[in-house]
Amino acid sequence: MSDPVSSDATPGFSADLPTAPPDVSSSTPIDTGVFNNRMRGLGLGLSRKHFPSLDHGGHPFFGAPNLAKENPEDKILIDEASFEDTALRLKLTYQQILNKFGSLYDFFSVDSSVATDFKIHEKRKLYKWSDGNDGYPPHLNIIPPGDETKFDDIFHASYSFYFQLGEMLAGVFPSIITLISGAPWSLSSNTLSGLQQINANLVDSKKGIYTEANIGLREDWYTDEQFAQQHLTGPNPTTITLASENWINSFKATAEAQGKEEFIKAINKASEGSIYIQDYSYFRAAAAVSPTADLSSDKTLRFGKRYTGASVALFVLDNDGKLHPLAIVIDYKEDDIKKEDNYFVKTTAGPMSNSVTIFNQRTSASDSTATEAEDWPWRYAKTCIQVCDWHRHEVGIHLVHTHLVEEAVIVGAERSFKNDHIVYQLLNPHWLKTLSLNQAARETLVPKIILNIAGMDKIHLSNYLKTEYYTFHWEDLYIPNDLERRGFPISKLNDDKFRNYPYSRNMVAMWYSIRRFVEAMLTEWYACEKTTVKDDEQVQNWVKEMKDDMGARLTSFPDITTLDQLVDAVTMCIHIASPQHTAVNYLQEYYQVFVPNKPSCLAHPLPKSLEELEKLKEADIIKTLPLDKGNVWLMSAYIPHLLSMLVTEEQNIKTYARTELQYRKDIQDKAGAKAAQTFLDDLEKLQVEFQKNSASMNVETAPPGLPGTSQYTVMDPRKMAVSILI
Ligand SMILES: [Fe+2]
């Protein structure tokens, strides 16, 4: 059959018609029906395979993927596929899975697509806590207990389809990724600059997932400057902390043992309050691994065996704002990390003789950069830090401290507040999509993606995850408290010293704007209700739900007896859902799609001695990147791309404030309208303020070719999501 477009014989068509440009955009629509046909062809359709004897009274069923128990290894359904094909399958499958969980929740009228108006006793039946025995902290248990193993009717059996979704997601990965199309590495030129070139070519041609700029486009991506700056303006700007005396003295003692005089001079020269730390030394304690055992994953055919250290990086922050890395412990193996309340603390100050510690040859940000590119042992050590920060950021800060803590807030509040209570009215707009998204994460993303690219095995990852939850300190993490505690005094944030930490300046301003709005709304409500916070049974129930052993088990949640305490707690809930999640979520693409910058794991064990570390060359770094297991690279690059999608206008914080204003006007709530108007005005001002904070940085992080100086734009209110929606 002739092609009608090029056929002169076909009326209405001319042979001169221009040909369509090559299909290069990842946003090119895909026909769902055809895609589903392909998935079925690969054996990746939902089926009755788990309960074939449905008509005969049921069949043993293993239930949902569970981090606390052993699940059989997933079947491999695809022998060989290209990077591009696999990425496309992963993208569409995960989007479909999110829709599927969204539908389930909508069906149950949890995060319903139409307004619900249930009474508290009804909500208590709908919003039930899990028992905390599935490897995750307490969360919403949407499927009624007992129902998940009933298969005697199609309604109950349908739950089982959800339990297959994880298996479906795991099924998209082949045994081998071929290098035919779109792969970010090659068989012939795997050097770090070669990988950078391939990345640039992919972004240039907008191939596959490479549709946006990433740090690999910067010639200087690997430098001390770019490495350090990521701990202030990267995806995890939340954990860098002033180093304790024990840490500083321990590094000094180790430097003395190694004869590193320059390091000791640099430390002694630094002004007080200038030595900062990124401390992952607690990983073993948090994951319940012995102080000398290796941290590694299980070995599987498609994802190999993977490793991480428990690294520590020491930095100096100059008065002009430049953060500079001075030393790195690649894998901390001393037995002196003790848990004190909610914190892991280093308790001794001697040399770190059981750990491999390397000191930067460049002891100041102003030292010559001539040797930086080929200082392979130091570059390897920086990679170890990035791998640790990947774990702490993705699992600890992003998943637990935003997604899962906010879920606890939602379940606790739904079980405690009537729908017309002001706290409920203030909080529920910030819960959009969060519950179904988290369920999808627990059943598919975490067990089938995160676990397959992390450097820990299932039990240890689950332990680590739970530790991050149970040590979450509610009041210490209120932004003003958090910044002071980590060595960023609020009164000095406008000093040049903190110019490269716009996260802190932005977040303080945002915190107080939200707080002002919350305070105005609560003050008016309690005045009208003629009651006090202390006597408000609904608030007291919420506190109980949050702290209780049968509830969220967040023991640091404050007792709330004053209006001020309630204002802070409500501000915190909104902070976590909106500005904080935005700050830790939407920069993943820029910093993580180019995998050498921030790999999720190391593909080989870490050096056991300084001599071994000092012998490393470029080829050893290449060897330790997850190159031979293309699936690991693909997921490490792809998931950040998927999770960084732009926030639509109807889901940003400004639209929330504008709509709240309109609603308060409609119901003639003058005080509420005034508060919402002030909040909206604040957001307008913050938009400008945040640009100024970004422009005052003196380290460039923006992708090359970006006009202007605006670099840290992630918190722009126009891009700030109203809730945890991805
Ligand atoms: Fe997220």
Some residue of segment 408-427 being closer than 30 Å to LEU92 by Cβ, touching a residue at least 40 places away in the same chain (Cβ under 8 Å) and aromatic (Phe, Trp, Tyr): no
Please go through (1) within 16 Å of the ligand (Cβ to nearest atom); (2) surrounded by 19 or more Cβ atoms within 10 Å (Cβ to Cβ) for ALA675 and return the number of the only condition it doesn't satisfy. (1)
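What tally of residues in segment 318-358 results from selecting those that are among the hydroxyl-bearing types (Ser, Thr, Tyr) and surrounded by fewer than 20 Cβ atoms within 10 Å (Cβ to Cβ)? Spell out the reasoning first.
So the first thing to find is which residues in segment 318-358 are among the hydroxyl-bearing types (Ser, Thr, Tyr), and the list is 332, 343, 347-348, 353, 355, 357.
Checking which are surrounded by fewer than 20 Cβ atoms within 10 Å (Cβ to Cβ) leaves us with 343, 347-348, 353.
Final tally of qualifying residues: 4.
Does segment 319-336 contain at least one residue that is hydrophobic (A, V, I, L, M, F, W, C) and not in a strand (DSSP E or B)? Full working, then the answer.
Our first condition is that a residue be hydrophobic (A, V, I, L, M, F, W, C); within segment 319-336, this holds for 323, 326-330.
This time we only want the ones that are not in a strand (DSSP E or B), so: none.
No: zero hits.
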Going by the conditions given, is LEU602 over 23 Å from ASN236 (Cα atoms), more than 16 Å from the ligand (Cβ to nearest atom) and in contact (Cβ under 8 Å) with a residue 24 or more places away in the chain? no
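Report yes if some residue within segment 260-277 is within 17 Å of ASP389 (Cβ to Cβ) and outside any loop (DSSP other than H, G, I, E, B); otherwise report no. Quick ask: steps written out before the conclusion?
We begin by selecting, within segment 260-277, every residue within 17 Å of ASP389 (Cβ to Cβ); these are 276-277.
So of that shortlist, the ones also outside any loop (DSSP other than H, G, I, E, B) come out as 276-277.
Yes, segment 260-277 has at least one match.
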Criterion: free of Cβ contacts under 8 Å to residues at least 24 places away in the same chain and of a type in the set (D, E, K, R) - qualifying residue of LYS629, LYS623: LYS623
In segment 433-456, residue nearest to the ligand (Cβ to nearest atom) [restricted to those that are modelled with pLDDT of 95 or more and not in a helix (DSSP H, G or I)]: ALA454
Go over the candidates VAL387, VAL400, VAL395 one by one and state the one that is more than 16 Å from the ligand (Cβ to nearest atom) and of a type in the set (Val, Ile, Thr). VAL387
For THR371, are the conditions met, namely being at pLDDT below 95, away from the ligand (no atom under 16 Å from the Cβ), farther than 30 Å from VAL110 by Cα and surrounded by fewer than 22 Cβ atoms within 10 Å (Cβ to Cβ)? yes
Any residue in segment 355-373 that is within 25 Å of SER103 (Cα to Cα) and over 14 Å from the mean Cα position of the chain (by Cα)? no
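Restricting to segment 562-598, give me the number of residues that are farther than 30 Å from GLY194 by Cβ and assigned to a helix (DSSP H, G or I). If you could, list the steps in order and put the result at the bottom.
Of all residues in segment 562-598, those farther than 30 Å from GLY194 by Cβ come to 562-585.
Now restrict to residues that are assigned to a helix (DSSP H, G or I): 563-585.
Qualifying residue count for the region: 23.
Where residues in segment 169-197 are part of a loop (DSSP other than H, G, I, E, B) and at pLDDT 90 or above, which of them is farthest from TYR590 (Cα to Cα)? Steps first, answer last, please.
Within segment 169-197, the subset part of a loop (DSSP other than H, G, I, E, B) is 172-175, 179-191.
Filter again for at pLDDT 90 or above, leaving 172-175, 191.
Details: VAL172: 25, PHE173: 24, PRO174: 26, SER175: 28, THR191: 21 Å.
Result: SER175.
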Of the criteria (1) acidic (Asp, Glu); (2) more than 16 Å from the ligand (Cβ to nearest atom); (3) crowded, with 22+ Cβ neighbours inside 10 Å, which one GLU519 fails: (3)
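The values are calculated or read from the model by the stated rules, or taken from the named source; none is laboratory data. Because the structure is a prediction, the values reported are computed rather than measured. So basically every Cβ, Gly included, is an ideal-geometry build from the backbone, and we count neighbours across all protein chains shown.
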